[in-house]
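Chemist: Below: one structure in structure tokens.
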Amino acid sequence: MAHIFNTGPLRGSSFSRSETGDLLCEGQPLAAIAQQFGTPTFVYAERMITDAYQSFSQAAQGRDALICYALKANSSLAIIRLLAQQGAGFDIVSIGELQRVLACGGSVDRVVFSGVGKKPEEISAALHAKIKCINVESEAELEMISSIATQQGSRAPISIRVNPDIDAKTHPYISTGLKENKFGIPMESAVAVYQKAATLPGIDIQGIDCHIGSQITDIQPFLDSLERVLDLVAVLDRQKIQIHHLDLGGGLGITYEQESPPSPKEMLNALFGRIDAWSQSRKAAAPEVLFEFGRAIVGNAGLLLTRVELLKPGREKNFAVIDAAMNDLMRPALYDAWHGVEPLANNRVDADHTKWDLVGPVCESGDWIAKDRGLSLSSGDLLAILSAGAYAMSMSSNYNSRPKAAEVLVDLNGDAHLIRRREVFEDLILTERIPAYLLGNT
């Protein structure tokens, strides 16, 4: 019988080890996937994605709520399509992400548009598409939206993103709710901005938006943020400015190593409980509640298959050079992030084994995937880099003229489907041109 992982980032119903110790996804040996599609390759488990989404959806059942998927975590078309079939809404931060939702059959009236730097043409396209809401990040953006909507003869449904100055206690690069962050409008300025929005043509005030960061593993920052949002609603109510929805963002963390984030049910129950008490005290129905989760839906559902190219032991450090690199998985170099490593074959991670730094072939000292891991390694060994479903492929690049990796989705029956082919050299230069004068013989 296969061994199911009940703890750590592999816990769930999709990943297991066979009796002989081989790492499986839905019963399919991952080594066979590596052999078929090559390495590096991202592998995603459909069951874990849909189970994660449904855990949020079920926690919100019976509520006037919309669970949106944040595309920036992983914008691969097959994953968007899978979540659209589950009934997800979508949180986008560019017109390209909107186009991906439309290409996958997502419901445009369940799309919210976030981000601090929306271009006029992006706002125009979003209004033409009739998305659910645009989250406004500044007064300047509010005025631009008003002008574009007026020119188009439409009304723009907007929420104003407020910055509650809440410390989410996460990595500073993914904290978004502090005063020093670029996101949102300071809470002390919010009432004046709402008052201005109420006077502008082409503006239809729908809600309040608030998102304090990512990889948050404690409920309290979410509750603190909600408290400030509810206080603002009360002030706006006295100003006769009606709020139809609360967009509470996302940011719930996952287990990379030993983190213990609350479950979706625990998080949503806490937030809905506070909203219920607030609503009852006002003797009024609660507004619709929106959420925008990305990492918590796809993060642990994906892993990166890689091969050990060669071993380079040394006096100070032992390096295992693998064929995956920082251009495939940027998080360790960018955030000093920790990702679990599992051999695909029966080769247990053991603290008594040699400590290796797993590094890629990119010409940067920051090109590393994992450090000081006790592993028994040989050239040609296949490894799985865990928790690579979010902010991996979506942040990948062609640095050092490296083709982007392939992506594979494993369905409920264990069948592996190629959802993005590996790039080739022709893909890398497809948009480039050499000017004619450089091709002459002079």
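Chemist: Could you check the stretch 1-98 for strands (runs of 3 or more DSSP E) lying wholly inside it with 1 or more residues that are in contact with a strand residue (DSSP E or B) (Cβ under 7 Å, 6 or more places away or on another chain) and within 18 Å of Gly340 (Cα to Cα)?
Modeler: Where strands (runs of 3 or more DSSP E) fall fully within the stretch 1-98 and carry at least 1 residues being in contact with a strand residue (DSSP E or B) (Cβ under 7 Å, 6 or more places away or on another chain) and within 18 Å of Gly340 (Cα to Cα), they are 15-17, 23-25, 41-45.
Chemist: Still on this structure, please answer the following. Would you check if there is a residue in the stretch 68-75 being more than 23 Å from Ser396 (Cβ to Cβ) and outside the structural domain of Ala392 (by TED's automatic domain parsing)?
Modeler: Taking every residue of the stretch 68-75 in turn, at least one turns out to be more than 23 Å from Ser396 (Cβ to Cβ) and outside the structural domain of Ala392 (by TED's automatic domain parsing).
Chemist: Does at least one position in the stretch 395-405 carry a residue that is without any contact (Cβ under 8 Å) to a residue 12 or more places away in the chain and not hydroxyl-bearing (Ser, Thr, Tyr)? Walk me through it before giving the result.
Modeler: Going through the stretch 395-405, the residues without any contact (Cβ under 8 Å) to a residue 12 or more places away in the chain turn out to be none.
Among the residues of the stretch 395-405, not one is without any contact (Cβ under 8 Å) to a residue 12 or more places away in the chain and not hydroxyl-bearing (Ser, Thr, Tyr), which makes the answer no.
Chemist: Counting only residues that are hydrophobic (A, V, I, L, M, F, W, C) and closer than 19 Å to Gly253 by Cα, which one in the stretch 309-340 is surrounded by the most Cβ atoms within 10 Å (Cβ to Cβ)?
Modeler: For the stretch 309-340, the residue satisfying everything is Leu329.
Chemist: Confirm whether Ser279 is in contact (Cβ under 8 Å) with a residue 40 or more places away in the chain and surrounded by fewer than 18 Cβ atoms within 10 Å (Cβ to Cβ).
Modeler: no
Chemist: Sticking with this one: Which condition number does Ser260 fail, the rest of (1) farther than 23 Å from Ile166 by Cβ; (2) under 19 Å from the mean Cα position of the chain (by Cα); (3) not acidic (Asp, Glu) being met?
Modeler: Single failed check for Ser260: (1).
Chemist: Additional query: Scan the stretch 369-383 and tell me whether some residue there is touching a helix residue (DSSP H, G or I) at 6+ places or on another chain (Cβ under 6 Å) and crowded, with 16+ Cβ neighbours inside 10 Å.
Modeler: Yes: one or more hits.
Chemist: Hey, can you tell me all the residues within the stretch 103-135 that are surrounded by 14 or more Cβ atoms within 10 Å (Cβ to Cβ) and more than 22 Å from Ile205 (Cβ to Cβ)? Give the derivation first.
Modeler: Of all residues in the stretch 103-135, those surrounded by 14 or more Cβ atoms within 10 Å (Cβ to Cβ) come to 104, 106-108, 110-116, 118, 122-127, 129, 131-135.
Listed by number, the residues that qualify are Cys104, Gly106, Ser107.
Chemist: While we're on this one: Go through the stretch 211-249 and count every residue that is free of Cβ contacts under 8 Å to residues at least 12 places away in the same chain and either buried (at least 18 other Cβ atoms within 10 Å of the Cβ) or not in a helix (DSSP H, G or I) (or both).
Modeler: 1
Chemist: So which of Val298, Val321 is under 30 Å from Gln58 (Cβ atoms) and β-branched (Val, Ile, Thr)?
Modeler: Numbers: Val321 fails: under 30 Å from Gln58 (Cβ atoms).
Of Val298, Val321, the one residue that is under 30 Å from Gln58 (Cβ atoms) and β-branched (Val, Ile, Thr) is Val298.
The values are calculated or read from the model by the stated rules, or taken from the named source; none is laboratory data. Keep in mind that this is a model prediction, so the values were computed, not measured. Glycine gets a Cβ as well: all are built from the backbone with ideal geometry, and neighbour counts include every protein chain shown.
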